[in-house]
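What follows is calculated from the coordinates using simple rules that are stated; it is not laboratory data. Please read all numbers here as calculations on a predicted model, not as lab measurements. Here the Cβ positions follow ideal geometry from the backbone for every residue, glycine too, while neighbour counts run over all protein chains shown.
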Amino acid sequence: MVTDHTRQSTVSSETVLSSIDSDGRRDEYVIADISADGAWLSMGADDAPTLTAWR
């Protein structure tokens with residue numbers, strides 16, 4: 001699936017949330033815009049950057 005990152009949103013109020021999801025074997029860090037279908041990404045929780053790394 002190819003995502004068009006340049007497209008402007010037609011939704012007036014986006015709601016972006018994040019969560020740690022686990023299947024019992026591995027934790028995944030998930031970021032999702034719940035106001036749009038298919039607008040999410042995930043990565044291994046151990047690979048996710050920390051807030052300190054963003055400063």
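Look at the alpha carbon pairs under 8 Å that are at least 6 residues apart: their mean separation over the length of region 14-55 gives a relative contact order of 32 percent. The order of the peptides 39-49, 15-25 by mean Cβ neighbours within 10 Å, most packed first, is 39-49, 15-25. The modelled label-to-label distance between Thr52 and Ser18, using points 7 Å beyond Cα along the C-beta direction, is 1.6 nm.
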